[in-house]
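Notes for the one structure printed next.
The values are calculated or read from the model by the stated rules, or taken from the named source; none is laboratory data. Every value quoted in this text rests on a predicted model; they were computed, and no experiment measured them. Glycine gets a Cβ as well: all are built from the backbone with ideal geometry, and neighbour counts include every protein chain shown.
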Amino acid sequence: MPDLLIELFSEEIPARMQTRAAEDLKKAVTNGLVEAGLTYAHASAFSTPRRLTLALEGMLAESPTVREERKGPKVGAPEKAIEGFLRGAGLTMDQLEERETPKGNVYFASIEKPGRPAADIVAEVLEATIRNFPWPKSMRWGAGSLRWVRPLHSILCITSDEAGTEIVPLTIDGITAGDTTEGHRFMGTGRFAVSNFEDYAAKLKRNHVVLSAEERAEMIAADAQNLAFAQGLELVDDKGLLAEVAGLVEWPVTLMGDIAEDFLSLPPEVLQTSMKEHQKFFSVKNPKTGRIEKFITVANRETRDTGATILAGNQKVLFARLSDAKFFWENDVRTAKAGASEWLEKLGNVTFHNKLGSQAERIDRIAALAREIAPIVGADADLAEQSARWAKADLSSEMVYEFPELQGLMGRYYAEFAGHPAEVAAAALEHYSPLGPSDDVPTAPVSVAVALADKLDLLTGFWAIDEKPTGSKDPFALRRAALGVIRLILQNGISAPLLALPLREDADKADLLAFFHDRLKVFLRDQGVRHDIIDACIAMEGNDDIALLVNRAKALQAFLSTEDGENLLQGFKRANNILTQAEEKDGVEYSFGADLKFVEDDSEKALFDALDTLEAPIAEAIKGEDFAAAMAGLAKLRAPIDAFFEAVQVNSDNEVVRRNRLNMLSRIRGLCLSVADLTKVEG
């Protein structure tokens, strides 16, 4: 069984596209081969700045012979019908078989498709893959019609086994597949032939190309950490930048340079962002001071001067970039010290959304809402409003205009220069959080008030103009905002009905609440809470109190995971089924209370007593939102309900006794449903 090696060698592929492209190559080729009958044992995809590589092990040497039987028209059918069938099957009349069926005699065709050599199939699949490759952006060059992300120079496509290596015959727009490739652009020795994947990877490395992006990333990380450690410093971790830089080099050479003294006083986040965004530099900080004092760059080649010239050039460009950042910072600090009123005025001219007004109008809404939320979360109302009015001031600053990802962070710095309290500074940064499922959740009361107000205004605003998420599209990150509200409420123990807040009246609150419930289901399912249990609790009154709803759901799941809970659920479902059928049959509702004087069996008396004993404390526990106690009360019903069903027949021949027992089942149903809608729980 041969192995297959494919390499598509081109000009530099953008780093952000490489990993996806390698997976797309793997998916397209392997799917195409399997559809054609060529299976394989294992496939691996690789990418470097100048190549996409696919290696398959244990591929079939040829596709298997396929035998197919087709049912044709009836014997005696019109000639055109029979001719069409023959044409489709590729057979002649004498090759058809006549068989007797329940519907009369019918023609059958047995078609045999012989297997094809692997090379022929690979050539077809690879050509289709290259011509239809799903690049986000592609280009044409020269006189050909082929499109690729950058000019495609060569195609390596070989099969190999014990007998040797064969080139797959393939030519696309004048590029003929071969068994050669080339190494590093500057440090390689020119083109060379390869015989299999192991030979290919080894020769690439000798020609200063590390094929695996993961290996390149590991090399960069290890070398960078060692350089920093040697000088008593720490590398600032940045996995996203590491992956990107690994896609910029084929032979990583890690170098550490100095940051000019002029810039060491800049906030570390400004230094890190400027170096990362403009030059793809890693930041190195002094653990004693927290300052970023050096940078690490990754070159794509070794030099005789061990990188001195490269570092000198990088430091020259870095000086210019950081000079800009320092200019922005100093201008912003002056504006902040003067009160930053011009920033707030500018926001009146910035449109948030053409149907929702300016940023200044939005800030007014957030400030008013934060003031209302403040007492609920234990924050000072004046401070919450002040924080909301400052929270987005930095959107007008020069630094945030240059680096939008620093919004909030710069607001925190500038708040201190503007003389705002620490709570206002913290809220400027924290009100954007949480941004995702693993992001930290603010806990400072003022920050919580502003964060909730910000997200609730966003949601109600877009609900008011009917701009809701549809399918996978969520351009305004409303799902993230709803999850942020949920996490803020739960992690801060906020018990308050959402619909009681002074939200926009023109928003469809019922629909928005349903959206929150959908997000909550996703959030709780990730925590192991069953979907049917969530539904059972959403069906209850007070379902706009997220904390209450979650407490109920977690208590119910814990209860139903016990033997008492499981058995009680079955008892409830049995009682509910009998009662529902009887009410449908009799056309009445059995909810008028059972009478002790009609009790015949001791089990009935015991159940009667249990209901009398438990109804009040369970109701009191629910009122006090102590759902664990309510469930514990229900657990005590398990034994008397089981005994009742074992001892008596509900549908007694005595109509008075029957109605009394049905009314007792109604009490069971009502008590169970007061805790959660158990009809929605799967049993």
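Checked against the criterion of being at pLDDT 95 or above and closer than 30 Å to Gln527 by Cβ, the candidates Leu406, Leu456 yield just one match: Leu456.
The condition (being assigned to a helix (DSSP H, G or I) and out of contact with any Ser or Thr (no Cβ under 6 Å at 6 or more places or on another chain)) is satisfied by just one residue among Asn314, Asn331: Asn331. Going residue by residue through the range 558-569, is there one that turns out to be in a helix (DSSP H, G or I), in the same structural domain as Asn654 (by TED's automatic domain parsing), within 15 Å of Val650 (Cβ to Cβ) and out of contact with any strand residue (DSSP E or B) (no Cβ under 6 Å at 6 or more places or on another chain)? No: the range 558-569 contains no residue that is in a helix (DSSP H, G or I), in the same structural domain as Asn654 (by TED's automatic domain parsing), within 15 Å of Val650 (Cβ to Cβ) and out of contact with any strand residue (DSSP E or B) (no Cβ under 6 Å at 6 or more places or on another chain). Within the range 344-375, the set of residues being in contact with a Leu (Cβ under 8 Å, 6 or more places away or on another chain) and either assigned to a helix (DSSP H, G or I) or in contact (Cβ under 8 Å) with a residue 60 or more places away in the chain (or both) comprises Leu347, Gln359, Ala360, Arg362, Ile363, Leu369, Ala370, Glu372, Ile373, Ala374. If you check Ala621, Ala616 for being assigned to a helix (DSSP H, G or I) and crowded, with 17+ Cβ neighbours inside 10 Å, only one passes: Ala621. Note on the range 222-241: residues that are under 32 Å from the mean Cα position of the chain (by Cα) and crowded, with 19+ Cβ neighbours inside 10 Å total 4. Out of the residues in the range 378-399 meeting the condition of being buried (at least 20 other Cβ atoms within 10 Å of the Cβ) and among the small types (Gly, Ala, Ser), tell me which one is nearest to Arg334 (Cα to Cα). Ranking the qualifying residues of the range 378-399, first place goes to Ser397.
Every residue, every condition in (1) farther than 14 Å from Gly571 by Cβ; (2) small (Gly, Ala, Ser), yes or no:
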| residue | (1), (2) |
| --- | --- |
| Glu615 | yes, no |
| Phe644 | no, no |
| Ala647 | no, yes |
| Ser652 | yes, yes |
| Arg659 | yes, no |
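The set of residues in the range 77-88 that are more than 57 Å from the chain's Cα centre (by Cα) and over 15 Å from Phe108 (Cβ atoms) comprises Pro78, Glu79. Screening Ser447 against (1) buried (at least 20 other Cβ atoms within 10 Å of the Cβ); (2) at pLDDT below 95 leaves a single unmet condition, (2). Among residues of the range 572-585 that are surrounded by fewer than 16 Cβ atoms within 10 Å (Cβ to Cβ), those with a beta-carbon under 8 Å from a residue that is of a type in the set (Asp, Glu) at least six positions away or on a different chain give the pairs Glu583/Glu589. Restricting the search to the range 280-290, which residues are surrounded by fewer than 18 Cβ atoms within 10 Å (Cβ to Cβ) and of a type in the set (Lys, Arg)? Within the range 280-290, Lys280, Lys288 meet the criteria. Taken over the range 450-477, the criterion of being polar (S, T, N, Q) and either crowded, with 24+ Cβ neighbours inside 10 Å or touching a residue at least 12 places away in the same chain (Cβ under 8 Å) (or both) is satisfied by Thr460 alone.
So Asp258 clears everything in (1) over 32 Å from the mean Cα position of the chain (by Cα); (2) surrounded by 19 or more Cβ atoms within 10 Å (Cβ to Cβ) except one condition, right? Which one? Asp258 satisfies all of (1) over 32 Å from the mean Cα position of the chain (by Cα); (2) surrounded by 19 or more Cβ atoms within 10 Å (Cβ to Cβ) except (2). Within the range 522-535, restricting attention to residues that are within 17 Å of Leu548 (Cβ to Cβ) and either in contact with a His (Cβ under 6 Å, 6 or more places away or on another chain) or β-branched (Val, Ile, Thr) (or both), which residue is surrounded by the fewest Cβ atoms within 10 Å (Cβ to Cβ)? Only one residue tops the list, namely Val529. Identify all residues within the range 596-630 that are under 15 Å from Leu673 (Cα atoms) and free of Cβ contacts under 8 Å to residues at least 12 places away in the same chain; write none if there are none. Those that are under 15 Å from Leu673 (Cα atoms) and free of Cβ contacts under 8 Å to residues at least 12 places away in the same chain: Ala616, Glu620, Lys623.
Per-residue answers, yes or no, for (1) more than 27 Å from Arg519 (Cα to Cα); (2) touching a helix residue (DSSP H, G or I) at 6+ places or on another chain (Cβ under 9 Å); (3) not polar (S, T, N, Q):
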residue: Gln386; (1), (2), (3): yes, yes, no
residue: Trp390; (1), (2), (3): yes, yes, yes
residue: Arg412; (1), (2), (3): yes, yes, yes
residue: Glu416; (1), (2), (3): yes, yes, yes
residue: Glu423; (1), (2), (3): yes, yes, yes
residue: Ala427; (1), (2), (3): no, yes, yes
residue: Asp440; (1), (2), (3): no, yes, yes
residue: Ala451; (1), (2), (3): no, yes, yes
residue: Asp454; (1), (2), (3): no, yes, yes
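What residue, of Thr273, Thr289, Thr309, is β-branched (Val, Ile, Thr), part of a loop (DSSP other than H, G, I, E, B) and outside the structural domain of Leu395 (by TED's automatic domain parsing)? Result of the check over Thr273, Thr289, Thr309: Thr289.
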